[in-house]
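Step one of this worksheet: look at the structure below.
The values are calculated or read from the model by the stated rules, or taken from the named source; none is laboratory data. Note that the structure is predicted; figures quoted are calculated from it, not measured. So basically every Cβ, Gly included, is an ideal-geometry build from the backbone, and we count neighbours across all protein chains shown.
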Amino acid sequence: MARTTSQPPAELAEKIIDIDVSEEMRGSFLEYAYSVIYQRALPDARDGLKPVQRRILYQMNEMGLRPDRAHVKCARVVGEVMGKLHPHGDGSIYDALVRLSQPFAMRVPLVDGHGNFGSLGGDDAPAAMRYTEARLASPAELMVASIDENVVDFRPNYDGQEQEPEVLPAAFPNLLVNGASGIAVGMATNMAPHNLGEVISAARHLIAHPDATLDDLMEFVPGPDLPTGGTIVGLDGIRDAYVKGRGTFRTRATVSIEKVTPRRTGLVVTELPYNVGPEKVVSRIKELVQAKKIQGISDLKDLTDRNQGLRLVIELKNGFNPEAVLEELYRLTPMEESFGINNVALVDGQPQTLGLRELLSVYVDHRLEVVRRRCEFRRAKRQERLHLVAGLLVALLGIDEVIALIRESEDSGQARERLMDRFGLSDVQARYILDTPLRRLTKYDRLELEGERDRLDSEIAELTAILESDAKLRRVVSKELAEVAKQYATPRRTVLKESSGATRTAAVPLEVGDDPCHVLLSSSGMLGRSVGARLPRMFEGLRVRHDAITASVPATVRGEIAIVTDLGRLIRIPVLELPEVPDEGADVPPLASGSPVTEFVELADGERVISLASLAGDGPGLVVGTEQGVVKRVTDYPQNKDDFEVIGLKEGDRLVGATQLSTGEEDLVFITSEAQLLRFPASSVRPQGRPAGGVAGVRLGEGARALWFGAVPVPEDSVVLTVAGTSAALPGSQAGAAKVTPFEVYPVKGRATGGVRCHRFLKGEDTLLFAWVGRAPARASRADGGPVRLPDLDGRRDGSGEALPRPIAFVGSGQTDTGVTAPASGS
C-alpha cells in the first residue's frame, strides 16, 4: 500500500519566511547586549545603582525594613524582589544584597546585615540566604528619601502589575562614594570608592561654582578612599581617570615593622589592597617560600579576629633587612595590586565614560531635578489643602446659614449645589464641608484653621521662591548635602603618596652585612648589639635609671660571642639574634630595647651571668677570677660546642669576675672581703686549657673571700670604690661607709700574695660590703635609680670611709666615650 504525504495548508505555507542567519544572529546578539548593558551590568550615573541593587533597596523600603525595625531573613527579601521586580535567578539577587552589606566592599554600606556575609577578598563565601538577615542601613534611607513625592519617574515592572522607580532620589553621590564594577557585552565598568565627605565637598563646590575646573574639584577629592584602607602609590593614574574616565593606580598594604617575639622582628599587615583577602596573600607567600623565590621569612601567622581586625604577622629570620623583604613582598605578592579605573555609567540611557567633573555634574543635575520636583509636589499638596481650608473658613463664617441650607436640601447632591451657588465654593470645597463632622465647626477649630491657613500661605510662598530662583534651589541642595556629610562622613582611610615606589631601594640589601659592632650586657641582664663599630655612649652617672652596661665585647653581626656565668660556663650566642641597641641619651637605659639574657640561654637555679667573652682565638684571651682567689686565663675555645666550662671549679667556688683582655698588658685586680687589694700584671698568668682549675691569684685569710675581680688598663685614670660595713646585717640593708681612692696608689705585687689594705675598718665594721674598680669619675645609684653621692677622692689607700645616706645598688663610670660600668660586687 502506497504512503501519501500530506501537504501543509496553503495559509501556513504563506507564513514561512526565508531570513539571513547572519542578520538574525546580529540582531539577537544586539538585543542580548542591550539587555545586559541596561538591565544588569552598568550603573546609572545618577544614583550609582544597577537595576538589581535599585530594586533591592526600593523593595526593602516598601517592606518597611528600616533601621529602627527588626532584621528579616534575606530569603524573604530575595523572594519579594524576584517575585515583584526582578525576574531573574535568586542567586544574582542575593549576591547583590550581600555586596550592599559588606563594609570591606562598600565605603558606605547600604544594607545592615546580620550573620555571615562573607569575608575580605571573597576568601569565605556568605552563608545561605535562609540563615542571614538584613534590613536597610541608615544611609540607605537617604537613597529612597522622598520617593513617594513624585521626585522620580516610575515604570511598570516585567508583568505590568507593579510599578518600580527608574532611578532613586539618592541624597548622596553613591556612584563615587561606593564605586561600581560590572562586565557587560563589549564594555565594562570599574569605579573606585571615595570618601563621602570629600565627594560632597566637591559637589557643593560645583553647585556654587558651575564653571569649576577639574583642578578645583581635585582640591576636595585628591583620590580614591578605599574601604580597606591601604596606601595608593603614584597619583598620575588617578588624575588620568579624573580627566578621561580611565586610569590605573597601585595600592599597597599597610605594614609596620614590629618586634613579634623578643628575638624576632616581623612585618605586621593591618590593611590590604582593595578586594584582596588575607588567605590569598598567605597562600602566595607560602608558595614563594616553598619555591625559594623569597628569602628571610621564618613563619607566617594570620591573627585576624573580630576584635582587632586584620592582622597578618610575617616573622623574619635574623640577618634580613625588614625593609628589603617588604619590598620583595610588594613585588611578588598581592600585597601590592593595580586598580584600573574605567568610569563607564549610563547617562540618559546611554553608556558613557565619565571623568570626575562629569560624574559630579550628572549627580548635581539629578539632585536639582529631584529637589525641584519635590518642591512642586509639596507646593501642590499645600495648595490643595489651602483650598479646602479656605472653603471651610467661608462655611464657618456663615455657619447658621450653611446648616439651614443643608437641612432644607432634599439630598446631599442638592446641598452641594446650593452651597456652591450661595457661597461661591468649588465642588471639592463643598464636598469637604459636607464631609466635615459638626464637632469641627467650633470657634476653637476656626482659630486653628486660620493658623493653618497662614502657615500654608508661608510655606507655599517659600516653595514658590525656591522654584522661581535657581540660586535658592542650589542653596537647598547644597545645604542638604552638608547635613548628609555632617551625619555620615568619616575620616579618610587610604593614604595617598606621590612617589610611585616602583623599584626597591638599592642601598638596602636583602641580608644584613657582617658589619662590626659591640655586644652589650646590662646590670639587669639585658643583651643587645650596637649599630656600627663605635661603642655607644655609656650610661652617664646613673642619674635616672639603675640599668647600666656591665660588659662589652667587640664582634661582627654574623659572628658569635659567649656569655660567662658564675658557674664557669661559656655559652655561645649568635650576634645576629641580638636586638639592635640605639645610641640613646643618659636618661634612658642603654639596653632598654634589648632582650633578657634568659631568652637566649637556660640558667640553673641560682646561676647568674657575670660577663661576656669574645670567641676570637687570636687575642690575649679571657681571664676569670673566683671567690676562693683562683685566677685563670683562657685563649682556646672548642669549635663544636655551644655550652662548655671555661674552668674546673672546686666545690663551693664561683666566679666573681670575668674580663676580656684587650692587649694583655692590663693589670689584674682582686679585692677581698677583708679589705685587701691585690694588683698584679696579666702577663704573669699563662693561658691554660679548658679543664684546668687555674692558679692561685690572691691569698685569702680565714673566712675571707674574693669580692671583686677585673682587669684595669695601664696607664689608666681609674679609681677604687670600697664600702665597709658589718657582716651581721642582711645584704643590701645597710648603707655602709664608702671610700674612693686613686688606683695608682696601689702598688703592683706578685701573684698569689695577699696584696695591700685598701680600707681601714672602724668600730662596728668587719667586712667590705662591695667593691669596684673603673675609670673616674665613679657614679653610684640606689635600687630605684636615684643617685647616691660618693665621697671626694681620698689619697690614703687604707683610710676609713665616709658614711653613705643610702645603700648603693649599682656603680658605674662617668666616662661617656669608652669604658664599661659594672654593678657593685657583693650587692
Of the residues K280, K293, K317, K301, which is surrounded by fewer than 21 Cβ atoms within 10 Å (Cβ to Cβ), basic (K, R) and in contact (Cβ under 8 Å) with a residue 60 or more places away in the chain? K280
Taking the stretch 610-626 and keeping only residues that are in a loop (DSSP other than H, G, I, E, B) and either within 24 Å of T598 (Cβ to Cβ) or small (G, A, S) (or both), one is left with L615, A616, G617, G619, G621
Does H86 qualify as being out of contact with any helix residue (DSSP H, G or I) (no Cβ under 7 Å at 6 or more places or on another chain) and touching a residue at least 12 places away in the same chain (Cβ under 8 Å)? no
Name the one entry in R130, R107 that is in a loop (DSSP other than H, G, I, E, B), within 24 Å of V276 (Cα to Cα) and in the same structural domain as A75 (by TED's automatic domain parsing). R107
Being among the hydrophobic types (A, V, I, L, M, F, W, C) and touching a helix residue (DSSP H, G or I) at 6+ places or on another chain (Cβ under 6 Å), is that true of even one residue in the stretch 278-287? no
When L288 is run through (1) over 27 Å from G118 (Cβ atoms); (2) surrounded by fewer than 18 Cβ atoms within 10 Å (Cβ to Cβ), the failure sits at (1)
Please work out if L678 is on the phi < 0 side of the Ramachandran plot and without any contact (Cβ under 8 Å) to a residue 60 or more places away in the chain. no
For A604, are the conditions met, namely being touching a residue at least 40 places away in the same chain (Cβ under 8 Å), in the same structural domain as P574 (by TED's automatic domain parsing) and aliphatic (A, V, I, L, M)? no
Per the filter on the stretch 110-124, residues under 11 Å from N275 (Cα atoms) and of a type in the set (D, E, K, R) are D123
Does K472 satisfy the criteria of being at pLDDT 95 or above, farther than 30 Å from L392 by Cα and not hydroxyl-bearing (S, T, Y)? yes
Out of the residues in the stretch 161-204 meeting the condition of being polar (S, T, N, Q) and under 19 Å from D95 (Cβ atoms), tell me which one is farthest from the chain's Cα centre (by Cα). T189
Suppose we filter R705, R654, R686 for residues that are modelled with pLDDT of 90 or more, closer than 25 Å to I573 by Cβ and not hydrophobic (A, V, I, L, M, F, W, C); which single one remains? R654
Matching residues in the stretch 386-411 (free of Cβ contacts under 8 Å to residues at least 24 places away in the same chain, within 19 Å of R439 (Cα to Cα) and either of a type in the set (D, E) or surrounded by 13 or more Cβ atoms within 10 Å (Cβ to Cβ) (or both)) number 4
Helices (runs of 4 or more DSSP H) (entirely within the stretch 1-69) containing at least 3 residues that are at pLDDT below 90 and either β-branched (V, I, T) or under 60 Å from the mean Cα position of the chain (by Cα) (or both): 21-36
Within the set of pairs 6+ apart or on separate chains, which have a first residue in the stretch 357-381 that is over 13 Å from S478 (Cα atoms) and at pLDDT 95 or above, a second that is assigned to a helix (DSSP H, G or I) and of a type in the set (K, R), and C-beta atoms under 6 Å apart? none
Could you list all residues from the stretch 217-236 that are in a helix (DSSP H, G or I) and touching a Lys or Arg at 6+ places or on another chain (Cβ under 9 Å)? L217, M218
Among (1) assigned to a loop (DSSP other than H, G, I, E, B); (2) touching a residue at least 40 places away in the same chain (Cβ under 8 Å), there is one condition D211 misses while meeting the rest; what is its number? (2)
